[in-house]
1. Counting residues that are open to solvent by 60 Å² or more (accessible area, probe 1.4 Å), out of contact with any His (no Cβ under 6 Å at 6 or more places or on another chain) and touching a residue at least 40 places away in the same chain (Cβ under 8 Å), which strands (runs of 3 or more DSSP E) fully inside segment 216-329 reach at least 2?
2. Output the qualifying pairs, or none if there are none: Cβ atoms under 8 angstrom, residues six or more apart or on different chains, first residue in segment 555-567 and among the aliphatic types (A, V, I, L, M), second residue open to solvent by 30 Å² or more (accessible area, probe 1.4 Å) and not in a helix (DSSP H, G or I).
3. Conditions first: (1) surrounded by fewer than 24 Cβ atoms within 10 Å (Cβ to Cβ); (2) at pLDDT 95 or above; (3) more than 15 Å from the chain's Cα centre (by Cα). THR425 passes all but one, so which condition is the exception?
4. Can you pull out the residues in segment 539-567 that are polar (S, T, N, Q), at pLDDT below 90 and surrounded by fewer than 16 Cβ atoms within 10 Å (Cβ to Cβ)?
5. Could you list, in sequence order, the residues of segment 433-482 that are open to solvent by 20 Å² or more (accessible area, probe 1.4 Å), in contact with a strand residue (DSSP E or B) (Cβ under 7 Å, 6 or more places away or on another chain) and within 23 Å of ILE144 (Cα to Cα)?
6. Take the conditions within 18 Å of ALA575 (Cα to Cα), open to solvent by 10 Å² or more (accessible area, probe 1.4 Å) and in a strand (DSSP E or B) and apply them to VAL114. Does it pass?
7. Looking at segment 57-68, can you tell me whether even one residue there is closer than 20 Å to LEU570 by Cβ, modelled with pLDDT of 95 or more, among the aromatic types (Phe, Trp, Tyr) and surrounded by fewer than 23 Cβ atoms within 10 Å (Cβ to Cβ)?
8. Based on this model, can you work out whether THR128 counts as open to solvent by 10 Å² or more (accessible area, probe 1.4 Å), more than 14 Å from the chain's Cα centre (by Cα), over 19 Å from GLU580 (Cβ atoms) and at pLDDT 95 or above?
Amino acid sequence: MNAIELISTTKGAQFKVALQGVRIHAHVAGFAQRTTIEQTFANLEKKPIEATYNFPLPANAAVCAFEIITDDRILTGQIDEAEAAAENYDAAITAGHGAFMATQVRPDVFTVNVGNLKPGQLVTVSITFVAKLERYEKSMRLVIPTTIAPRYVTSSGMNPVDAMIDGDAMNPTRAWAVPYGFALQMEIDLGRDLSNVHSPTHAIHSTKSGSGGCLITLATGLAEMNRDFVIVLDLMEEQAPTVQRTLAANGNTYLAVTFVPEFDDTVLQESPPSETIFVLDCSGSMQGDSIVQARRALELCLRSLSAQDTFNICRFGSTFEMFASEPVSYTQETLRQAIAYVRADADLGGTELMGPLQQVLAGKPTRGACRHVVLLTDGQISNEPAVLKLAKDRAAANRIFSFGIGNACSRSLVEGIARVTLGATELVGEGEAIEPKVLRTFGRINSPAIRDVAVDFGHATAELATDIPPVFDGEVMSVFVRLSGKVPELITLKGNSAQGPVRWTVNIPPDAGADNGVIASMWAREKIGALEDQLLDAPRFTRHRQPRQAQVSDQLVTQLVALSKEFSLLTSRTAFIAIEHRSIAERTQGLPAQRRMPIAMPRGWGDLDGAQVQREHATLHGVRGTRAPRAPRAPRPPEEPLWTLMQVSRPLWTLMQVTRPTMDSDAGH
């Protein structure tokens with residue numbers, strides 16, 4: 001059993017860190033961000049190397065471009081099936097050429113392989129993605145993650161060998177401080193006035209540009225990559241129903257449709273009694289600020305229950321425990337007991353989510369037809385597909401509303417588990433207020449159920465990217481649509497409430513606008529996401545392993561790969577690859593030395609302050625997770641100098657090293 005591998009990037013090193021720095025350029029317009037991340041690598045050694053870098057992106061990101069800039073050459077990556085791309089990548093390196101590949105490990109975790117860098121070679125890897133903004137009544141929220149938290153590796157619900165391989169892919173080498181940082185430039189152009197732009201996580205500098213627009217940069221110029229970067233855009237007016245329309249080169253029209261359904265008094269009846277189970281993550285990674293935030297949110301949730309409701313609380317880690325043997329009625333006395341239970345210290349070790357969910361989601365609810373489950377977690381587990389499949393299988397009688405807690409929480413898990421059960425997610429990051437997020441969650445829980453929800457496009461031939469998301473009173477709801485043929489003048493969202501039919505309409509603009517393919521890419525990304533949800537049991541690609549021996553729907557995989565190639569989007573079944581063909585004189589001999597780039601531990605993870613391995617998230621060799629011994633606390637080491645990045649031409653940088661950092665060899669790689 002191996003604990004988290006923490007290395008020093010300054011002392012006792014055997015090779016030098018190839019990743020020199022990261023530059024992020026984002027453009028925010030309409031409903032989405034279009035962001036390019038530039039990662040610059042330099043081989044500072046005297047022999048060829050292959051650099052492997054694991055990094056996060058938003059869970060709903062559509063990765064649509066992969067470009068390599070080296071010397072005076074620009075290489076454009078092409079989409080191919082993942083296994084074929086890996087074979088071509090390995091063949092190119094064996095032949096002495098340069099090779100570059102991007103793969104998806106999870107919807108929010110990606111890997112770049114920078115192969116066969118020659119001594120002294122400088123390469124910039126440019127990755128472009130589009131992603132939806134989180135939209136609320138009078139605000140929008142944008143998140144750019146910068147690091148991956150350690151994932152607890154378990155074989156629960158998985159093949160033990162697959163669990164080991166996944167654990168390795170999800171847990172790269174980590175350091176308390178890394179010798180690279182990120183610079184950021186964000187252009188915001190929503191076409192409407194903003195009342196405020198702020199970041200709860202970073203100091204920013206904002207400059208007005210144009211009508212209602214602004215340019216955002218980091219106040220410090222360069223920031224450490226140890227927590228999510230969050231921007232909140234406060235609007236002057238509440239969001240309104242809209243349709244954005246674009247005409248693609250293939251002749252199809254793509255729509256981004258926003259509804260803001262508001263229920264009238266005939267629909268807004270008093271909520272019937274319900275059963276709510278709160279599931280609180282008390283694992284080691286949640287200790288510190290995260291568990292404080294989670295407890296505060298849970299207390300607010302408990303106080304939001306109504307008379308006649310029943311509830312229970314499950315605390316989990318390596319094991320789980322229940323507040324009561326069965327759901328109890330909500331009274332002043334049970335509320336007092338529940339708050340005392342929540343406030344009691346609990347560090348339950350690893351993050352075994354399968355067991356408590358199997359218990360909580362079993363059987364019929366004690367009130368109503370559907371049980372409400374409120375999950376509070378950082379989501380840092382490796383068996384995410386098994387957990388999502390369990391939730392999806394139990395969705396008929398359970399609806400999960402999740403809170404993603406802390407720096408670098410797994411959005412793929414917390415958003416996915418809500419999505420497959422028709423619930424909703426709130427993210428509670430560093431410095432963010434919890435109260436409005438809890439109020440929104442219970443507003444959704446108490447929102448009257450709308451059944452038989454459909455979108456009517458008249459006589460137009462329309463294809464929705466996914467099933468229609470749940471309808472909540474006053475909540476912004478978006479769908480992406482592909483139309484062929486004549487475009488209708490309006491779209492209608494309709495359904496049935498307990499009091500009768502409900503409907504809302506929105507007009508379609510007469511002319512298509514230019515959006516650089518964002519709407520089409522988002523339609524395809526959501527379509528691909530829906531297919532991947534259907535393939536939760538199917539084999540997923542990980543480099544250097546054979547597909548799992550499981551039944552796979554050939555038709556679904558064929559659709560997924562076809563969409564990936566048509567729209568040039570990265571998926572779990574495809575990869576971007578680019579080859580730097582070299583002359584005979586330029587080719588290298590033999591295989592390059594493998595170098596796995598260290599990533600920063602999230603700030604405050606597990607309430608740790610030093611370079612000691614924490615008990616949580618042990619790597620398991622095919623066995624169920626167990627608790628590792630607690631490590632002694634150590635003082636935080638002095639911060640290491642970051643590298644200064646100066647942009648000189650598109651998009652190469654001059655790098656001035658303040659103190660040249662190095663790192664220990666990554667054993668086994």
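The values are calculated or read from the model by the stated rules, or taken from the named source; none is laboratory data. What you see is a predicted model, and the numbers here were worked out from it, not measured in a lab. Virtual Cβ from ideal backbone geometry, glycine too; neighbours counted across all protein chains shown. Note: accessible area is taken over every heavy atom of the protein model, side chains too, but ligands, DNA and RNA are not part of it. Shrake-Rupley method; radii C 1.70, N 1.55, O 1.52, S 1.80 Å.
1. In segment 216-329, the matching strands (runs of 3 or more DSSP E) lie at 242-247.
2. VAL557/ARG573; LEU560/ARG573; VAL561/GLU81; VAL561/ARG573
3. Checking THR425 against (1) surrounded by fewer than 24 Cβ atoms within 10 Å (Cβ to Cβ); (2) at pLDDT 95 or above; (3) more than 15 Å from the chain's Cα centre (by Cα), the one that fails is (3).
4. Let us first name the residues in segment 539-567 that are polar (S, T, N, Q), namely 542, 546, 549, 551, 553, 555, 558-559, 564.
Restricting the remaining residues to those that are at pLDDT below 90 gives 542, 546, 549, 551, 553, 555.
Result: GLN546, GLN549, GLN551, SER553, GLN555.
5. The answer is ARG440, VAL476, SER478.
6. Details: within 18 Å of ALA575 (Cα to Cα): yes; open to solvent by 10 Å² or more (accessible area, probe 1.4 Å): no; in a strand (DSSP E or B): yes.
In short, no.
7. no
8. Yes; evaluated as a whole, the condition is true for this residue.
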